[in-house]
Amino acid sequence: MGDVKPVLAKAGTVFTAANQIMDDTRPQMKEFTADTAALAKSGLPQVQRLGDLLHDASERVRTRLEQIDHTVEATVERVEHVGDTVKRAVMKPVKEANGLAAGISAAVSTVVSGSRKSGPVKTRTQEAENTLF
């Protein structure tokens, strides 16, 4: 046990020093804790205000994005409608020209073949009519 006494003496000295340090820093710790609490209390409204501003800004952004989305959709629909209208406007004369060409071709074919073979064409037409009825 002779070895334990010096260790206990040193431990007692360390505990005494630690106790002295705690006694010396206790007022400073109280002041630090009070300052920290006051800072937290004063900062809380600013944090809440910042949160409200961020929420408001995100709602405005969301609303604006929805408006942009609707505008883009409406524009796309208008462009599609214009495309369809242009297509119909361009195709109408083409179809009319094709119809006119087909009519002329049929008339020429009838005139040419009618002068050569008037009998068989009439017979074929009558046969087609009989199969329909």
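FYI, it's all coordinate maths here, none of it is from the lab. Because the structure is a prediction, the values reported are computed rather than measured. We place every Cβ from the backbone using ideal geometry, glycine too, and count neighbours over all the protein chains shown.
Each principal axis of the Cα cloud of the stretch 1-60 was evaluated for its coordinate range; sorted largest first, these ranges are 80, 22, 7 Å. Both radii come from the Cα set of the stretch 55-104: Rg as radius of gyration, Rh as Kirkwood radius; their ratio Rg/Rh reads 1.53. Between Thr71 and Ala97, the simple spin-label model (points 7 angstrom out along Cα→Cβ) gives 4.1 nm.
Once Rg and the Kirkwood radius are both taken over the C-alpha atoms of the stretch 1-116, their ratio Rg/Rh works out to 1.87.
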